[in-house]
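First comes the structure, then the notes that go with it.
The values are calculated or read from the model by the stated rules, or taken from the named source; none is laboratory data. The model shown is predicted, which means the values in this text are computed figures rather than measured ones. Please note: Cβ atoms are built from the backbone with ideal geometry, for glycine as well, and neighbour counts cover all protein chains shown. Ligands, DNA and RNA are stripped out before the accessible areas are found, and what is left, the full protein with its side chains, is counted by its heavy atoms. Shrake-Rupley method; radii C 1.70, N 1.55, O 1.52, S 1.80 Å.
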Amino acid sequence: MHKDRVGLWAKAKPRAPKKRESSWAYFARVYGSITWILDGQADKDLPMFYCGNVTGGGWSCLEIDSNSDYPIDDLVELTGNADFEDLFVFHGGWHHDRSFAFDPREVSATGEQAIIPFDDNITRLPRRMKPERIVPFGHWLYKRVVSLTKVAERNLRELS
């Protein structure tokens with residue numbers, strides 16, 4: 001189901017970022033996606049959801065896809081809220097209130113967009129974030145991976 005995405009990182013070779021390239025643009029260009037699949041007791045206390053937000057694709061706590069397939073046009077039509085049109089949902093889990101999107105209303109000096117929580121039941125956008133407070137995607141991803149890893153490692157130690 002996710003053959004085009006899973007494992008792409010294994011062939012990726014880290015490169016220098018392009019001039020004025022945001023950390024998201026770098027990630028998308030070099031890696032494209034991350035899908036972390038866990039099962040059993042290893043996923044205890046992690047924010048899990050089905051990859052691709054459907055059954056059968058794997059149970060994940062981290063699913064980032066630079067080619068998001070979230071149907072944002074459907075959400076705009078359903079809610080009548082055109083403010084959602086420019087959101088880019090980059091993290092899975094939207095049926096479970098565990099997703100994230102880029103909010104392009106404000107952009108930092110380095111080209112980064114605000115990262116906001118996202119789910120299918122969103123009714124309005126959060127307040128705009130000041131550009132100087134926007135966290136680069138790379139920093140956000142690092143913090144997220146570290147926090148998820150701590151929980152997964154604890155779970156794996158308990159299984160041993």
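Just one of the listed residues (Ile72, Ile34) is under 14 Å from the mean Cα position of the chain (by Cα) and of a type outside the set (Gly, Ala, Ser), namely Ile34. Annotation note: Cβ proximity below 9 Å between a residue of region 77-96 that is without any contact (Cβ under 8 Å) to a residue 12 or more places away in the chain and a residue that is assigned to a helix (DSSP H, G or I) and of a type in the set (Val, Ile, Thr) (sequence gap 6+ or interchain) occurs for Ala82/Val76. For region 38-61, the criterion of being open to solvent by 20 Å² or more (accessible area, probe 1.4 Å), at pLDDT below 90, closer than 18 Å to Leu141 by Cβ and not in a helix (DSSP H, G or I) is met by at least one residue.
Against the list (1) modelled with pLDDT of 90 or more; (2) open to solvent by 30 Å² or more (accessible area, probe 1.4 Å), the condition Pro14 fails is (1). Please tell me if Lys143 is of a type outside the set (Val, Ile, Thr) and either over 16 Å from the mean Cα position of the chain (by Cα) or under 21 Å from Gly40 (Cα atoms) (or both). When the stated conditions are applied, Lys143 does not pass them. Suppose the filter is open to solvent by less than 20 Å² (accessible area, probe 1.4 Å), touching a residue at least 24 places away in the same chain (Cβ under 8 Å), under 15 Å from the mean Cα position of the chain (by Cα) and farther than 27 Å from Glu158 by Cβ; does Phe27 pass it? It is true that Phe27 is open to solvent by less than 20 Å² (accessible area, probe 1.4 Å), touching a residue at least 24 places away in the same chain (Cβ under 8 Å), under 15 Å from the mean Cα position of the chain (by Cα) and farther than 27 Å from Glu158 by Cβ.
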